Amino acid sequence: MLAAQAAQHQAEAQVEQARAVWFGKIDTYALNQHFNEPRLTRPITQPPNVALYPFASNQFGYGLDFQLPIDISRQIASEVDAARNKASGAQWGAEDVRLRVLLQGAAIYRNLQALAGQREALDKQFQSLEASERVAQVGLKVGDIARVNLLRVQAAVADVQASLANVLGQERKLRAQLAALMDVPEFSVPVEPAASGPAALPANPNAPPPSLQAAQNAVLASLAKVDAAQRAQYPQFVVNGGWNHNAIQWDNRAVDSWQVNIGVRMNLWSGGAQRSSISAARAAEDEARQRMQSTQDNLRAAREGAVAQWNAQEGVVSENGK
């Protein structure tokens, strides 16, 4: 359960990570440069007046760079949708793990209740056989019972003792499993007698369980990933720029410069990487759909089996009532 909850928190953090791309990023830097001869301070193009731009062999500058994507292609939006569906699936997955742990704990406790009933029946049988053994020993002394009957009773007593030891061993094992499941040193609480089960089937037995909800969200996330991979081929627009303060050492004259760029970039050739990414996303979508279908089939089989067992138990109860 802790691992499932950690996976849920990770998926939620990845949603914030995907959304953060919309807001761009700002980097700061500091750079010291030393040349073998004086160079023009931060040259970009031939300036109109070279005299205003000093030359120096030692230069030190610092500044800011920023980049802001313009999501016209909606690739970032698709990535955010994929992260959101993945986070929703992780939430349903954590709930599914919680219910499975509860089911496992309930099954172990039910087995403990069954063993408690077996031990009670064996105790009564053992007491009865002990009384029979005492009667057989007395009868053997007066000659009323043959030795073979006494041996038969003693063998039955030994068999009951072995069964009791087996039940106690199984009980210790189940208690250790329940303690490990509950993350406690030991489970020594007395087991309560089994109570009657529910009076009727759930009001909405066809409600999708968390496992199916998680599988459906996985399909939605894979579809968003396919969309993002396809939109990565569209033109990508971006705004970037920076500001630089160059504190040169030639005559201590500082130079400040800034720039803003608005551009578009489109991939023309990637060696097949774009096509492969789309193929991989579609394969992941197919895998998610197959897993969802498997979950639906297993759920349908489990539901039909549970309803059939319920109907069978109702028939037994009604027959016993008659």
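Just so it is clear, none of the values below were taken in a lab; they were calculated from the coordinates. Only a predicted model underlies this, so the values are computations on that prediction, with no experimental measurement involved. Neighbour counts run over all protein chains shown; Cβ positions are idealised from the backbone, glycine included.
Only alpha carbons enter this Debye calculation for region 247-299, each as an equal point scatterer, and the log10 of I(q)/I(0) it gives at q = 0.16, 0.18, 0.19, 0.25 Å⁻¹ is -0.74, -0.80, -0.82, -0.97.
The relative contact order of the chain, computed from alpha carbon pairs under 8 Å that lie at least 6 residues apart in sequence, is 25 percent.
The distance linking region 55-103 with region 267-306 is 22 Å (Cα centroid to Cα centroid, whole angstrom). Amide H contacts under 5 Å for residue 187: 179, restricted to partners 5 or more places along the chain or on a different chain, H placed in the peptide plane at 1.01 Å from N.
Each residue of region 158-172 was assigned a 3J(HN,Hα) from its phi angle through the Karplus curve 6.51 cos²θ - 1.76 cosθ + 1.60 (θ = phi - 60°); the sequence is 4, 5, 5, 4, 5, 5, 4, 4, 5, 5, 5, x, 5, 5, 4 Hz, with glycine and proline shown as x. Per residue, the chain reaches -22000 deg cm²/dmol at 222 nm when only DSSP H runs of four or more residues are counted, each adding -39500 (n - 2.57). In terms of Cα atoms, the Rg and Dmax of the chain work out to 38.1, 136 Å.
For the Cα trace of region 168-209, dividing Rg by the Kirkwood Rh returns an Rg/Rh value of 1.19.
Taking 294, 222, 88 as the candidate residues, the one with maximal mean-square fluctuation in a Gaussian network model of the chain, Cα springs under 10 Å, is 294.
Taken one residue at a time, the phi angles of region 76-87 give Karplus couplings (6.51, -1.76, 1.60, θ = phi - 60°) of 5, 4, 5, 5, 5, 4, 5, 5, 5, 5, 5, 5 Hz. Gly and Pro are set to x. Over region 229-297, Cα pairs under 8 Å with separation of 6+ residues give a relative contact order of 33 percent. Among 124, 225, the ranking by other beta carbons within 10 Å of each residue's beta carbon, starting with the fewest, stands as 124, 225.
From largest to smallest, the equivalent ellipsoid semi-axes obtained for region 151-258 from the alpha-carbon gyration tensor read 74, 29, 15 Å. Using a Gaussian network model of the chain with C-alpha springs under 10 Å, which one of 62, 109, 234 is most mobile by mean-square fluctuation? The residue with the greatest mean-square fluctuation here is 62. Simple point charges give the picture: +1 on the Cβ of Lys and Arg, -1 on the Cβ of Asp and Glu, and for region 224-293 a dipole about the Cα centre of about 280 debye. Partner aspartates and glutamates whose Cα lies under 13 Å from the Cα of residue 25, excluding those fewer than 8 positions away in the same chain, are identified as 65.
Please name which of 88, 219, 240 has its Cα lying farthest along the dipole of the chain towards the positive end, using unit charges on Cβ (Lys, Arg +1; Asp, Glu -1) and the Cα centre as origin. Comparing the listed Cα positions along the dipole, 219 ranks first.
If only the Cβ of Lys and Arg carry +1 and only the Cβ of Asp and Glu carry -1, the dipole of the chain around its Cα centre is close to 380 debye.
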